[in-house]
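Here is the structure we will look at.
The values are calculated or read from the model by the stated rules, or taken from the named source; none is laboratory data. What you see is a predicted model; the values in this text were computed from it and never measured. Quick reminder, even Gly has a Cβ in these numbers, built from the backbone with ideal geometry, and neighbours come from all protein chains shown. Surface areas here come from the heavy atoms of the whole protein model, side chains and all, with no ligands, DNA or RNA. Shrake-Rupley method; radii C 1.70, N 1.55, O 1.52, S 1.80 Å.
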Amino acid sequence: MEQELIKKTEAFVKQELQHAEGGHDWFHIERVYKNSLLIAKTENVNHLIVALSALLHDIADSKFHDGNESIGPEKAENFLRTLHLDQTYIDHIVQIIKNISFKGGNFQPDFHSAELEVVQDADRLDAIGAIGIARTFNYGGFKNRKIYDPEVKPQLNMTKEAYKKSEAPTINHFYEKLLLLKDRMNTETGKKLAQKRHDFMVDYLNQFYSEWNGTV
């Protein structure tokens, strides 16, 4: 029964995201889903809630809907009702979707659960490392942002609103989000996986600046 619910959810998400930006498409969802299942093996969680939350967590990212944060949770809830899930499951999944995002790092979620911690770690893992770098530059190109501008310094204490409106060069995003995620992982498995990806990003930035400055 659970596998059937997951298959229906996968089909729905693939259909909804078939024209999505490359860093927030079905393949992003699939990676987060797989990482969620991996992390969940070492956590005391409801695996169905983890699976469905991972699959639906970016069903309508506010970045692509004029900053509207209600569309995603609403779309997910409407779909989940078609599965005839228990309302407590639906409510839990919707809360995870509402509270999973980084949102500038100064956002304090009003909901906590072990399942949220697992899916949030899986989502954050996909934002760092080699894939995180690729996604970051893909989105920067999508928004026609500069790769780097030495005159534009990273802003580390942005409000949620300022973070959402930022048009800073892509390299700044490493300092404003990506390099911060390692220390914000929730689970022990997430922390271990994040360390290697974090180190890769640090090495990448060192190489980037060497090439930018013509020293290598």
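Can you name the residue in the range 171-189 that is open to solvent by less than 50 Å² (accessible area, probe 1.4 Å) and assigned to a loop (DSSP other than H, G, I, E, B) and, of all such residues, is nearest to residue 36 (Cα to Cα)?
Selected residue: 187.
Looking at (1) small (Gly, Ala, Ser); (2) modelled with pLDDT under 95; (3) exposed (fewer than 14 other Cβ atoms within 10 Å of the Cβ); (4) closer than 22 Å to residue 31 by Cβ, which one does residue 140 not meet, given that it meets all the others?
Failed condition: (3).
Go through the range 152-190 residue by residue and tally those that are of a type in the set (A, V, I, L, M) and either modelled with pLDDT of 95 or more or under 17 Å from residue 100 (Cβ atoms) (or both).
6
Which pairs do you get when a residue that is closer than 16 Å to residue 72 by Cα, found in the range 16-27, comes within reach of a residue that is open to solvent by 80 Å² or more (accessible area, probe 1.4 Å), reach meaning Cβ atoms under 7 angstrom, with the pair 6+ apart or on two chains?
Every condition considered, the pairs that remain are 21/142; 26/14.
Run residue 45 past the list (1) modelled with pLDDT of 95 or more; (2) open to solvent by 10 Å² or more (accessible area, probe 1.4 Å); (3) farther than 18 Å from residue 86 by Cα; (4) out of contact with any Leu (no Cβ under 8 Å at 6 or more places or on another chain) and report the number of the one that doesn't hold.
The one condition residue 45 does not meet is (3).
I need every pair where a residue in the range 145-170 that is closer than 20 Å to residue 133 by Cβ and open to solvent by less than 40 Å² (accessible area, probe 1.4 Å) has its Cβ under 6 Å from the Cβ of a residue that is in a helix (DSSP H, G or I) and not hydrophobic (A, V, I, L, M, F, W, C), sequence separation at least 6 or different chains.
170/136; 170/140
Being more than 25 Å from residue 21 (Cα to Cα) and of a type in the set (Ser, Thr, Tyr) is the filter here, so list the residues in the range 160-197 that pass it.
187, 189
Are any residues in the range 176-194 more than 17 Å from the chain's Cα centre (by Cα) and under 25 Å from residue 158 (Cα atoms), and if so, which ones?
Answer for the range 176-194, where residues must be more than 17 Å from the chain's Cα centre (by Cα) and under 25 Å from residue 158 (Cα atoms): there is none.
From 6, 59, which residue is in a helix (DSSP H, G or I) and either of a type outside the set (Gly, Ala, Ser) or without any contact (Cβ under 8 Å) to a residue 60 or more places away in the chain (or both)?
Within the list 6, 59, the selection yields 6.
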